[in-house]
Structure formats: C-alpha cells, structure tokens
Amino acid sequence: MNVSIIGGTGYVGLITGLGLAIHGNNVICMDTDLRKIETLNNGELPIYEEGLAELLKEATDRNKIVFTNCLKTAVNKSELIMLAVGTPEGKNGETDLSHLVQALKLVANQIDSYRTIVIKSTAPVGTCEMARTIIKDHLKNRFTPFDVVSNPEFLREGNAVRDFLKPERIVIGVDVYASEVIMKELYQSFDVPIVLTDTRSSEMVKYACNAYLATRISFINEISEISEKVNADVHAILEGMKLDKRIGELYLNPGPGFGGPCLTKDLKSLISFAGKANAELPLLKAVLERNEVQISNIIDYVISELQDVRGKKIAVLGLSFKAGTNDTRNSPAVHLLEKLLEKLLDTKILIHVYDPVVKSIEEPLNSRVVFPKNIEDTLRNADCLIVMTEWPKFKELDLEKIYHLMRTPLIVDTRNIFPYRKVYSLGFRYKGIGIASKRFETIQSTLEKSIV
Ligand SMILES: NC(=O)c1ccc[n+]([C@@H]2O[C@H](COP(=O)([O-])OP(=O)(O)OC[C@H]3O[C@@H](n4cnc5c(N)ncnc54)[C@H](O)[C@@H]3O)[C@@H](O)[C@H]2O)c1
C-alpha cells in the first residue's frame with residue numbers, strides 16, 4: 001500500500017514509517033522539520049533507539065521509504081495518510097491540538113480523491129469526529145470522499161522497534177466499513193490480534209492504558225514509601241506480588257516517578273476531558289499527585305544528608321527518562337535538576353551529569369550543569385551520587401572504585417540498581433526507593449558482630 005506519515009521524522013512517525021516500509025508498503029515520511037529530514041536522507045538517525053539504524057538501512061536499500069517536507073507529494077502519492085504529529089500538554093492539562101489541526105487543514109487542502117486519514121497521534125476522545133469536520137471544511141472540492149480512522153500507538157521508547165514490529169495488539173477505530181477493510185489490509189502481514197471498534201472507544205483505549213500504567217507506578221512508589229517507614233524491603237514485596245498472575249511484574253518498579261513524553265500529559269489530558277464530561281476521576285488525580293511527591297522526596301533527602309550544601313558536588317547518572325532512549329521530555333532526571341538548582345540557587349553547588357547517549361539538555365539548564373566525558377570524572381570528589389536512569393552500564397559499575405573516587409560516600413539510587421547490602425557493607429550511606437534505613441542498621445550490627 002502507498003502510505004504517508006505526517007510527522008514522519010518524529011519518534012512515533014519515524015518508527016511507524018520504517019516499520020510499515022519493512023512490511024512491504026511504499027512509505028513517504030513527511031515532516032516540517034528540515035533538519036531531521038536531512039539527517040535521515042544522509043542515512044543517520046535523529047533519535048536513539050535500538051534496532052532503528054538497521055531498519056532505516058533495510059527500508060532505504062529496498063527503496064521503500066522517502067523523507068520529504070513536501071506535503072503535496074505525500075498526499076498525492078498515498079491512499080492512506082497517517083498523522084503522527086505531536087499532541088503536547090497545553091493549558092490546564094488540556095491537549096494542545098494545534099499541530100494536528102494545522103496538519104489536517106493542510107492535508108484536506110491537497111486531497112482530490114478518496115483517502116483514508118488515520119489519526120495515530122494520541123488525542124482526546126472525539127478527535128476523529130473533530131478531524132472529519134476540519135477536513136470537510138478545508139477540502140478543495142467538498143464532494144471529495146474520505147474517512148477518518150483512529151489507530152493509537154502503544155510502542156514503548158527503549159523497546160520501540162520490537163514493539164512496533166511485533167505489537168501485542170493493534171487497535172483500530174472506524175465508523176464506516178470501507179476504512180475497516182483498508183486498515184485490515186494495512187496490517188494484514190502483522191500476525192497479532194486486532195481490536196476493532198468505533199473511533200471514540202479506540203481513542204479511549206490509549207488513555208485507559210496509559211492511566212493504568214501510571215497508576216501501577218504511583219502505586220508501587222506509595223508501597224515503597226510505606227515499606228521504608230515500616231522497615232520492610234520492597235524487593236521482597238515485589239517478589240511476592242509479581243508471581244501472582246493477576247498482578248504480573250511489569251510497570252511495578254519503584255523509582256523517581258513516571259516521566260517521558262506520554263504518561264503525564266495523557267493522564268492530565270484524560271482528567272481534563274473527563275472533567276468536561278462531568279467525570280471527576282479522584283483516583284487518577286491522586287496518581288498524578290503521588291508522582292509529583294517522588295522527586296521532592298528525593299531532593300529533601302539529598303539536602304538533609306548533605307547538610308551544608310555550599311560548594312558541594314553532586315554527580316547525577318542518567319538524563320533520559322528511561323534506559324534505551326535519548327528522550328528527555330518530561331524526564332524525572334531533568335525535573336530533579338530543575339528543582340535542585342531552584343532550591344540551591346545561591347549555594348554554588350556543582351552538578352555534574354553523565355548519560356551514555358544524552359550529551360546536552362535544553363537551556364537554561366544546560367549551562368548550569370557540567371557534562372564530564374566519562375563516569376569517572378563525573379564521580380571524582382562527588383559528595384553525592386544520584387542514579388536517575390537505569391542504563392545497564394550503570395549497573396555494572398565497580399562500587400569499590402566509586403567509593404574511593406567520591407569525597408563523601410553517599411548514594412541515592414532512585415532506580416534500585418545497586419545491591420544495597422554490598423553498597424552498605426562497602427561503607428556507603430545509601431538510599432534506594434522502598435528500602436528502609438533500619439535494614440542498614442541490621443547489616444551494620446551483623447558486620448560489627450562478624451568483626452568481633
Ligand atoms: N513517543 C512515544 O513514546 C509515543 C508513544 C505512543 C504515542 N505517542 C503519541 O504520538 C504522537 C507523536 O509523538 P512523538 O513522540 O512522535 O512526537 P515528536 O515530537 O517526536 O514528533 C512529532 C513530529 O511531528 C512533526 N510535525 C509537527 N507539525 C507538523 C506538520 N504540520 N506537518 C508535518 N509534520 C509536523 C514535528 O516536526 C515532529 O517531527 C503524540 O500524539 C504522542 O502522544 C508517542
């Protein structure tokens with residue numbers, strides 16, 4: 001099938017375009033971002049994601065993909081046009097639909113015969129109906145036929161290529177039979193369950209999934225806080241929970257709270273459009289509130305442990321919102337830096353940051369932190385190490401070496417990547433999430449007994 005992706009160099013657009021190309025479609029990835037188009041036309045990638053370079057090479061070698069900023073070509077040459085433009089957080093948590101509305105108007109203006117318009121961007125329930133009205137109002141010839149379909153995307157950054165090529169399900173929302181046939185043809189080579197429904201239910205599936213995932217994260221963070229206070233170990237609690245098939249193990253990692261480009265903004269959007277439909281959602285509001293507490297708790301701990309922070313050096317490992325991606329949108333690490341610097345404005349605190357793939361962040365933050373070339377320089381003479389992203393290479397660090405590199409042996413491990421018994425027995429002060437400090441006293445007394 002001939003397919004165009006509008007927003008085709010974005011995270012979702014690019015992976016979708018390449019994935020559909022590998023499945024044999026002729027794909028045009030259209031985007032307004034000339035820099036990313038040029039990068040891709042040079043065979044390079046604008047984002048970091050495992051397996052994506054191979055996908056780009058294969059699709060280009062097989063002549064199955066084109067990157068362009070020409071909307072006319074994209075619309076004229078494709079029977080199916082998929083919109084994957086950004087839908088960021090707008091005022092009061094509402095979704096900012098301006099990119100989508102703009103793209104719909106421009107697409108409508110180019111259509112001269114039947115097209116299926118697919119909304120892949122995450123957008124509030126009712127967006128497909130809104131899209132239909134916008135397209136109708138902007139067609140050159142008001143009798144040109146078209147359909148609007150909802151096809152939300154569920155890929156997880158850090159695992160995005162695998163998730164797109166082998167999704168657990170594909171959700172399609174259609175309001176007429178003709179577009180059902182076209183969408184089934186598009187995904188015929190994907191051997192996975194297809195959930196076929198109306199556009200509104202399809203739009204809602206995406207919000208329900210993200211709200212549920214966010215709830216699990218906030219839930220386990222709350223359990224972690226209780227564990228710390230009642231001297232229990234969240235690792236053991238998780239072992240006991242995850243073997244229950246009704247619960248499972250994914251998205252139950254205690255940590256700095258959820259971040260990234262989707263969960264927070266989708267949850268806020270859901271709360272906002274539900275509010276307009278007279279649904280209050282107290283549970284989901286609490287999920288958001290719980291998430292905000294997480295970073296503040298970490299900062300309060302760091303400040304209280306460092307006591308006098310003037311002139312101290314903090315080393316932060318990890319900037320991306322999770323391992324396997326260079327995406328720092330709404331990253332807990334970025335929030336931590338913002339809040340730390342805001343709180344410690346006049347203290348001449350030094351913050352050194354290392355991430356294996358992210359080498360800078362947006363200003364004004366960028367010039368307020370130092371990016372050493374390697375982990376060793378980051379940790380040298382540090383008074384506190386804060387682990388913010390669970391990159392595998394951080395898990396393999398030599399803790400004894402870190403102990404000797406740091407000026408003050410204090411670790412705040414927001415991803416629980418280090419074995420706390422070992423860390424503690426080396427002499428560090430250590431805080432994980434959900435691990436009570438009383439447990440260290442037990443280790444301490446065991447150590448003392450073994451010395452005696
Ligand atoms: N990133 C994820 O993990 C993820 C997962 C599932 C769903 N989503 C949803 O997918 C959508 C896209 O997210 P993303 O992370 O890929 O965003 P992104 O910012 O990486 O990409 C959006 C792209 O759209 C382009 N664009 C904007 N206006 C345009 C226009 N008028 N014409 C052509 N291109 C235009 C931008 O230049 C950009 O390249 C969002 O609705 C998001 O909520 C994202």
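The values are calculated or read from the model by the stated rules, or taken from the named source; none is laboratory data. Keep in mind that what you see is a predicted model, and the values were worked out from it rather than measured. We place every Cβ from the backbone using ideal geometry, glycine too, and count neighbours over all the protein chains shown.
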Tell me, which residue of the stretch 352-367 that is within 21 Å of the chain's Cα centre (by Cα) and not aliphatic (A, V, I, L, M) is farthest from L337 (Cα to Cα)? P356
Yes or no: V148 among the β-branched types (V, I, T), more than 15 Å from the ligand (Cβ to nearest atom) and either in a helix (DSSP H, G or I) or within 17 Å of V118 (Cβ to Cβ) (or both)? yes
Considering each residue of the stretch 24-48, count those that are more than 13 Å from the ligand (Cβ to nearest atom) and surrounded by 18 or more Cβ atoms within 10 Å (Cβ to Cβ), and give that number. 2
Considering only residues that are in a loop (DSSP other than H, G, I, E, B) and within 16 Å of the ligand (Cβ to nearest atom), look in the stretch 167-188 and name the one that is surrounded by the fewest Cβ atoms within 10 Å (Cβ to Cβ). E168
Right, I298: assigned by TED's automatic domain parsing to the domain that holds D383 and either touching a helix residue (DSSP H, G or I) at 6+ places or on another chain (Cβ under 8 Å) or surrounded by 17 or more Cβ atoms within 10 Å (Cβ to Cβ) (or both) or not? yes
Failed item in (1) part of a helix (DSSP H, G or I); (2) surrounded by 13 or more Cβ atoms within 10 Å (Cβ to Cβ), with K401 passing the rest: (2)
Being hydroxyl-bearing (S, T, Y), surrounded by 15 or more Cβ atoms within 10 Å (Cβ to Cβ) and not assigned by TED's automatic domain parsing to the domain that holds T264, is that true of even one residue in the stretch 144-158? yes
Among the listed residues D112, D96, identify the single one that is of a type in the set (D, E), without any contact (Cβ under 8 Å) to a residue 60 or more places away in the chain, within 29 Å of M130 (Cβ to Cβ) and away from the ligand (no atom under 14 Å from the Cβ). D112
Within the stretch 31-75, tally of residues that are in contact with a Phe, Trp or Tyr (Cβ under 8 Å, 6 or more places away or on another chain) and not charged (D, E, K, R): 4
For E79, work out the one condition from (1) closer than 18 Å to S4 by Cα; (2) touching a strand residue (DSSP E or B) at 6+ places or on another chain (Cβ under 8 Å); (3) within 16 Å of the ligand (Cβ to nearest atom) it doesn't fulfil. (3)
Hand me the list of helices (runs of 4 or more DSSP H) wholly inside the stretch 203-316 holding 2 or more residues that are within 16 Å of the ligand (Cβ to nearest atom). 263-276
